[in-house]
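The values are calculated or read from the model by the stated rules, or taken from the named source; none is laboratory data. Keep in mind it's a predicted model, so treat the numbers as computed, not measured. Cβ atoms come from the backbone with ideal geometry, glycine included; neighbour counts cover every protein chain shown. Only protein heavy atoms, including side chains, enter the accessible area calculation; ligands, DNA and RNA are left aside. Shrake-Rupley method; radii C 1.70, N 1.55, O 1.52, S 1.80 Å.
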Amino acid sequence: MDSITQVYKRVFINDIDSFVSKCIAKLLSKNTLEADGTVWPHNYRVVGTTSSDSEEHRPYLVEAYIRPKREKILQKLMECDIIIYNITQHPDQVEEARWAVTALHDKKSNFQQTKMFILISTVMTWACSEPINSEEVELPFTDEDFRRRKAHPNFKKHLELEKMVAKMGKTDRMLFSTYVVVSGLQYGMGEQAFHLFFKMSWLGQENEIPVFGDGTNIVPTIHVSDLASVIKKIIEHQPKPYYLVAVDYSNNTMEDIVKTIACALGLGKIRRKPFEEAFLKQDLSIMDIDLLQVNLCMEGGHLKELFCVQWLCEFGLVENIELVVEEYRQNRGLLPIRMCVLGPPAVGKSRVCMQICDHYKLHHIRLNETISETISNLEYFVRNTLSDAENEDSTSAIEAQDLLNFFKDHIEQNGGFLDDQVLVKVMMDKLMSNPCKNQGFVLDGFPKTYEQAKELFHVEDHESEEKSYLISYCNKKILPEITSLNTPDSQLLMHSICERVGKPRNYGESNQKVQEEVMMLTESVKKADKEQKEMEEAKQRSAHWEMWTKTLEEKRQWEVQQLEVLSIPMKTYLTEHIITTVSQGLVACGSAWPEDPLDFLAEYLIKNHP
């Protein structure tokens with residue numbers, strides 16, 4: 001292999017942090033395993049755009065361009081052999097993809113080598129298509145029917161772009177080839193459109209998971225990894241058909257999908273609700289809501305005929321729910337924390353367990369409560385099903401009644417106690433419930449004996465996979481911690497526990513609560529800023545007032561000085577020429593006592609003017 005020159009192709013993918021684009025980038029960056037076991041280094045160098053400033057580690061990328069301008073994007077596109085534009089998630093990417101394919105088509109004469117443009121579109125461009133045969137409504141659409149497709153009103157721009165991309169690839173396919181890949185609703189690797197149903201089921205805060213509408217609509221789907229495999233096959237084989245439908249071989253209804261998710265992660269209960277209620281869910285975007293309404297039966301004919309796709313989920317989400325759920329947990333970081341707090345009586349175990357459960361959002365499991373809950377659930381199940389002879393659960397109800405009688409007889413015969421085997425079975429059923437499997441649990445004071453611990457955690461080769469699942473995590477990450485629970489500083493104890501266990505692995509606070517806290521924090525910041533601004537303005541006003549007063553006083557003193565200077569000539573003139581004559585006139589007026597002193601003084605000054 002060293003003697004072979006490895007030729008690398010440079011691949012551009014838009015919006016690299018989005019759900020689909022990231023998965024495609026990761027697949028193209030993987031090593032290739034040949035049938036004979038030879039491992040070849042991957043021959044793709046992936047670059048892409050991102051809107052995130054975070055320094056996220058992206059080993060699958062050679063370069064990431066943060067919010068680049070179009071001039072820079074075009075420069076990078078010209079350096080690439082393959083350009084992939086995904087428009088299935090963000091509507092604003094439609095316009096950018098339109099610009100990109102147009103700009104490349106206009107510059108194709110400058111290409112140094114052949115370029116390939118792949119547009120990943122959505123089945124919503126088929127959403128309003130008329131059935132092929134009115135008498136056979138369920139006859140699936142195939143790639144060959146693409147000229148008959150009719151888009152959902154909100155996806156008409158997607159359809160226009162599909163046609164533009166196909167047209168530009170016909171000009172000179174040897175120089176610039178284009179492909180349109182119409183993708184079903186993607187699932188897997190953490191989820192996208194179906195995430196709301198996974199999240200609600202995992203949280204377990206609602207007994208019934210909603211199915212918006214009647215739930216009978218057929219939803220074309222594809223696992224995101226399978227979509228990435230299809231894209232890779234197109235790059236490798238460059239097929240003659242330029243329009244391909246990428247869907248798996250399932251025909252699941254929306255009710256089938258939601259029911260399966262609810263059973264795998266929650267209580268398994270669903271409830272149909274008016275579709276308008278979907279608009280009240282903050283986790284659903286307008287595009288997601290449109291996707292969940294699609295009703296199409298589709299089949300990817302070209303995938304069958306042209307490629308040998310190594311399917312991960314060939315027959316859809318429902319058939320592969322265990323794999324999809326595990327991917328969801330891993331990619332979302334929703335790994336359960338399983339803890340056991342043991343110790344002698346009256347040392348504060350329950351207090352510590354409650355603190356741990358509150359911090360990590362875990363389930364507090366106590367033996368007595370679990371036994372009481374088991375008996376109550378059996379009584380409820382028997383009471384609501386046994387009386388109905390036609391009920392399909394009547395056989396199970398009879399079995400539940402037998403188990404209930406066994407529990408009561410056993411408790412009565414053993415003085416209110418159950419033997420270890422029964423206790424372990426009760427606890428095992430509880431720990432294997434979906435809430436405990438989802439969030440995790442804290443065992444409070446159980447197991448009490450070595451025999452109970454061995455029965456609960458030891459797995460023989462012939463025992464069930466469920467028990468293996470229960471302890472697989474414990475076998476890998478057992479963290480024994482011996483500490484005093486009677487310490488007066490509970491915060492110090494919790495700090496020590498949190499250091500060993502790590503951060504919570506769940507969804508954290510609800511979006512509404514986070515938003516409220518953010519709003520409160522924002523208001524506090526605004527209030528503090530306002531008070532600070534008012535204080536600064538008051539200081540500025542005080543300084544201005546002091547400066548103005550000082551300036552005014554200085555100006556007044558200057559004016560007084562100027563007036564005094566200007567008054568000197570007048571004072572001199574009055575003293576020398578006027579004051580003496582006026583004084584004499586006043587003396588004369590005082591001696592004469594005239595009837596009109598002013599006229600007398602005036603006549604005197606006129607007669608005796610110097």
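Scan (1) crowded, with 20+ Cβ neighbours inside 10 Å; (2) within 29 Å of ASP92 (Cβ to Cβ) for the single condition LYS259 breaks and write down its number.
For LYS259, the failing item is (2).
Restricting to region 290-314, what's the tally of residues that are closer than 19 Å to ASP256 by Cβ and assigned to a helix (DSSP H, G or I)?
Looking only at that region, the number is 2.
Return yes when THR221 is polar (S, T, N, Q) and open to solvent by less than 10 Å² (accessible area, probe 1.4 Å) and no when it is not.
Values: polar (S, T, N, Q): yes; open to solvent by less than 10 Å² (accessible area, probe 1.4 Å): yes.
Answer is yes for this residue.
With the requirement that a residue be part of a helix (DSSP H, G or I), open to solvent by less than 70 Å² (accessible area, probe 1.4 Å) and not β-branched (Val, Ile, Thr), what does region 324-336 give you?
The first filter runs over region 324-336 and keeps only residues part of a helix (DSSP H, G or I), leaving 324-332.
So of that shortlist, the ones also open to solvent by less than 70 Å² (accessible area, probe 1.4 Å) come out as 324-325, 327-329.
Scanning region 324-336 gives GLU327, TYR328, ARG329.
Looking at region 315-361 only, could you name the residues that are of a type in the set (A, V, I, L, M) and either at pLDDT below 90 or more than 27 Å from ILE257 (Cα to Cα) (or both)? Give the derivation first.
Looking only at region 315-361, we keep the residues that are of a type in the set (A, V, I, L, M), and these are 317-318, 321, 323-325, 334-335, 337, 339, 341-342, 346-347, 352, 354, 356.
Hits for region 315-361 are LEU334, LEU335, ILE337, MET339, VAL341, LEU342, ALA346, VAL347, VAL352, MET354, ILE356.
Within region 235-243, identify whether any single residue is within 24 Å of the chain's Cα centre (by Cα), closer than 30 Å to LYS163 by Cβ, among the hydroxyl-bearing types (Ser, Thr, Tyr) and open to solvent by 30 Å² or more (accessible area, probe 1.4 Å), and answer yes or no.
We begin by selecting, within region 235-243, every residue within 24 Å of the chain's Cα centre (by Cα); these are none.
Within region 235-243, not a single residue is within 24 Å of the chain's Cα centre (by Cα), closer than 30 Å to LYS163 by Cβ, among the hydroxyl-bearing types (Ser, Thr, Tyr) and open to solvent by 30 Å² or more (accessible area, probe 1.4 Å).
Name the one entry in ASP420, ASP444, ASP409 that is among the acidic types (Asp, Glu), closer than 30 Å to ALA262 by Cα and at pLDDT 60 or above. Spell out how you get there, then give the answer.
Details: ASP420 fails: closer than 30 Å to ALA262 by Cα; ASP409 fails: closer than 30 Å to ALA262 by Cα.
Criteria check complete, one pass: ASP444.
Which members of region 296-318 meet the condition of being closer than 17 Å to GLU191 by Cβ and either among the basic types (Lys, Arg) or surrounded by fewer than 21 Cβ atoms within 10 Å (Cβ to Cβ) (or both)? Spell out the reasoning first.
First, the residues of region 296-318 that are closer than 17 Å to GLU191 by Cβ: 312-313, 316-318.
Within region 296-318, LEU312, VAL318 meet the criteria.
Quick one: which residue in MET432, MET428 is closer than 30 Å to TYR328 by Cβ and surrounded by fewer than 15 Cβ atoms within 10 Å (Cβ to Cβ)?
Working: MET428 fails: surrounded by fewer than 15 Cβ atoms within 10 Å (Cβ to Cβ).
Only one candidate passes the filter, namely MET432.
Give me the residue from region 386-396 that is under 42 Å from the mean Cα position of the chain (by Cα) and at pLDDT below 70 and, out of that set, surrounded by the most Cβ atoms within 10 Å (Cβ to Cβ).
Taking region 386-396 as the starting set, the residues that turn out to be under 42 Å from the mean Cα position of the chain (by Cα) are 392-393, 396.
Subsequent filtering for residues that are at pLDDT below 70 retains 392-393.
Details: GLU392: 8, ASP393: 14.
Across region 386-396, the extreme among qualifying residues is ASP393.
If GLN293 passes every condition in (1) open to solvent by less than 80 Å² (accessible area, probe 1.4 Å); (2) in contact with a Phe, Trp or Tyr (Cβ under 9 Å, 6 or more places away or on another chain) but one, which one does it miss?
(1)
Test ALA528 against the stated conditions and say whether it is at pLDDT 80 or above, more than 30 Å from GLN439 (Cβ to Cβ) and either surrounded by 11 or more Cβ atoms within 10 Å (Cβ to Cβ) or not polar (S, T, N, Q) (or both).
Working: at pLDDT 80 or above: no; more than 30 Å from GLN439 (Cβ to Cβ): yes; either surrounded by 11 or more Cβ atoms within 10 Å (Cβ to Cβ) or not polar (S, T, N, Q) (or both): yes.
The answer is no for ALA528.
Among the residues of region 371-385, how many are crowded, with 17+ Cβ neighbours inside 10 Å and hydroxyl-bearing (Ser, Thr, Tyr)?
2
Give the residue that is most open to solvent (accessible area, probe 1.4 Å), with candidates limited to residues of region 397-423 that are in a helix (DSSP H, G or I) and within 18 Å of GLU451 (Cα to Cα).
Applying the filter and picking the extreme gives GLN421.
Kindly check whether there is at least one residue in region 270-289 that is open to solvent by less than 70 Å² (accessible area, probe 1.4 Å), modelled with pLDDT of 95 or more and among the polar types (S, T, N, Q).
no
Name the single residue that is nearest to HIS609 (Cα to Cα) among those in region 556-574 being of a type in the set (D, E, K, R) and open to solvent by 100 Å² or more (accessible area, probe 1.4 Å). First the steps, then the outcome.
The first filter runs over region 556-574 and keeps only residues of a type in the set (D, E, K, R), leaving 556, 559, 564, 571.
Next, only the ones that are open to solvent by 100 Å² or more (accessible area, probe 1.4 Å) stay: 556, 564, 571.
Numbers: ARG556: 38, GLU564: 27, LYS571: 18 Å.
Once the filter is applied, the top-ranked residue is LYS571.
Assess whether ILE365 counts as being in a strand (DSSP E or B), in contact with a helix residue (DSSP H, G or I) (Cβ under 8 Å, 6 or more places away or on another chain) and of a type in the set (A, V, I, L, M, F, W, C). Let's see the steps before the verdict.
Values: in a strand (DSSP E or B): yes; in contact with a helix residue (DSSP H, G or I) (Cβ under 8 Å, 6 or more places away or on another chain): yes; of a type in the set (A, V, I, L, M, F, W, C): yes.
Here the answer is yes, as ILE365 does meet what is asked.
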